[in-house]
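The values are calculated or read from the model by the stated rules, or taken from the named source; none is laboratory data. In this text the structure is predicted, and so the values were computed from the model without any measurement. Backbone-built Cβ (ideal geometry, glycine too); neighbour counts: all protein chains shown. Quick note on the areas: whole protein, heavy atoms, side chains included, nothing else; ligands and nucleic acids left out. Shrake-Rupley method; radii C 1.70, N 1.55, O 1.52, S 1.80 Å.
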Amino acid sequence: MLVLALSAALVTGRAPAVCAEESGAPQEQTAETPEELSALYAASAVLMDGESGRILFEKNGGEIRPMASTTKIMTCILALEHLPEDAELSVSALAASQPEVRLGMREGETYVLKDLLHSLMLESHNDSAVAIAEAVSGTVEGFAELMNEKAEELGCSGTCFLTPNGLDAEKEEDGKTLVHSTTAADLARIMRYCTMESPEKERFRQITGTERYSFSSGGRSFSCVNHNAFLNQMEGAFSGKTGFTANAGYCYVGALERDGKTLIVALLACGWPNNKSYKWSDTRKLMDYGLEHYEYREIYQAPDLSPVPVAGGIPDSGELTDTAYAAVSEIRGTESQWKILMKAGENVEVRQSRTEELEAPAAAGTLVGTVTYALDGETVASSEIRTAETVQAVTFFWCISKIIENFLIKV
């Protein structure tokens, strides 16, 4: 396997996925790594807050690696978003020819999408993945484009999808070698979308949380068992997907809800045979760390909402010599961003910028400032300060009317 990996490195120009972790030894961490996480087996690992998307811990989180069948979480969510679950899918020769692990479908057979989604996510069947991809986009290539579009939309800058099932793949394009790959950080982002943000998140959770599922098609009966053992290893585990190829090693992405927290773990290259259990050990360590060390804290601080002077504006007093001011208000957006999972010693830096003066006329809703909340240099929340009223400009006719008014009062 090492020879194959080195050969792949020569072809792709990237480091082989087979590293020191293949020997079974945990990887060394930096001096800043928490002691509880100093012996992770995975070459790349991420612990993410599912609510905010903030990465709480990472080990080589941005390193690009193959991800095997964890790919299928994207296949599943796109199918749910583009087709009704009762849609009938016809099996092509390409789908029927996929290698193990496979459902064993035959060319020309017809299946219902709901059944194939359980086949896809519980048993990780490669033929089901291709049949689903072709039903959604017509071709595997077209579906890969859809996958990459969604990944880009989610901010996954280190991800390249080539297949719907996660089998090792690469292709030449514009003089570059593209490899089916992602990063642990991107994989966690995709899982967050599937379980927390997608309009089909509830169905995704139901499917991936199902322990057993049986169905019949064309006179044949099938039974699927969920291979995500972590569902029964920690209280609150509710979704996840395993993966393995010779190049990727053991991979895993999973989610847990407990104590009001939603945590997501993504692991890439977490050992090779016969170290199948490493991914469960790493996942538990990361989940335990998040549960023990992170608590929600309110980070909101009331900003300066003093009125903004408006040059050339009509003052409320109506006196020519007075300065006009525009009242302001804060636009805070969603309430969820103001509660952040933080550990002891972490502090949010709050910065407010404001416009010193506006020019009349100043319309209501004019942006005059922003407030940002940063944690470890990354913005975790923000709000806007905008004018709450319109201030009209002083005009020649207004000045004449005021002069006349003052004259009449004195007379």
Across the stretch 367-411, what is the number of residues that are at pLDDT below 85, surrounded by 15 or more Cβ atoms within 10 Å (Cβ to Cβ) and either under 40 Å from the mean Cα position of the chain (by Cα) or of a type in the set (A, V, I, L, M) (or both)?
1
Among the residues of the stretch 298-332, which ones are open to solvent by 70 Å² or more (accessible area, probe 1.4 Å), at pLDDT below 90 and β-branched (Val, Ile, Thr)?
THR321
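When you go through TYR289, TYR325 one by one, which is the residue that is farther than 21 Å from GLU349 by Cβ, in a helix (DSSP H, G or I) and aromatic (Phe, Trp, Tyr)? Walk me through how you get there before you give the answer.
Numbers: TYR325 fails: in a helix (DSSP H, G or I).
The conditions single out TYR289.
Residues are listed down the side, and each one gets a yes or a no for (1) modelled with pLDDT of 95 or more; (2) among the hydrophobic types (A, V, I, L, M, F, W, C); (3) assigned to a loop (DSSP other than H, G, I, E, B):
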site	(1), (2), (3)
TYR41	yes, no, yes
SER69	yes, no, no
LYS72	yes, no, no
ILE77	yes, yes, no
GLU81	yes, no, no
LEU94	yes, yes, no
GLY108	yes, no, yes
GLY142	yes, no, no
Could you give me the residue pairs with C-beta distances under 6 Å whose first residue belongs to the stretch 340-357 and is under 18 Å from GLU384 (Cα atoms) and touching a residue at least 12 places away in the same chain (Cβ under 8 Å), whose second residue is open to solvent by 30 Å² or more (accessible area, probe 1.4 Å) and part of a loop (DSSP other than H, G, I, E, B) wherever it lies, and which are 6+ apart or on separate chains?
VAL350/GLN301
Among the residues in the stretch 135-146, are any in contact with a Cys (Cβ under 9 Å, 6 or more places away or on another chain) and open to solvent by 20 Å² or more (accessible area, probe 1.4 Å)?
no
Tell me, yes or no, whether the stretch 209-225 has at least one residue that is free of Cβ contacts under 8 Å to residues at least 12 places away in the same chain, among the polar types (S, T, N, Q), surrounded by fewer than 18 Cβ atoms within 10 Å (Cβ to Cβ) and not in a strand (DSSP E or B).
no
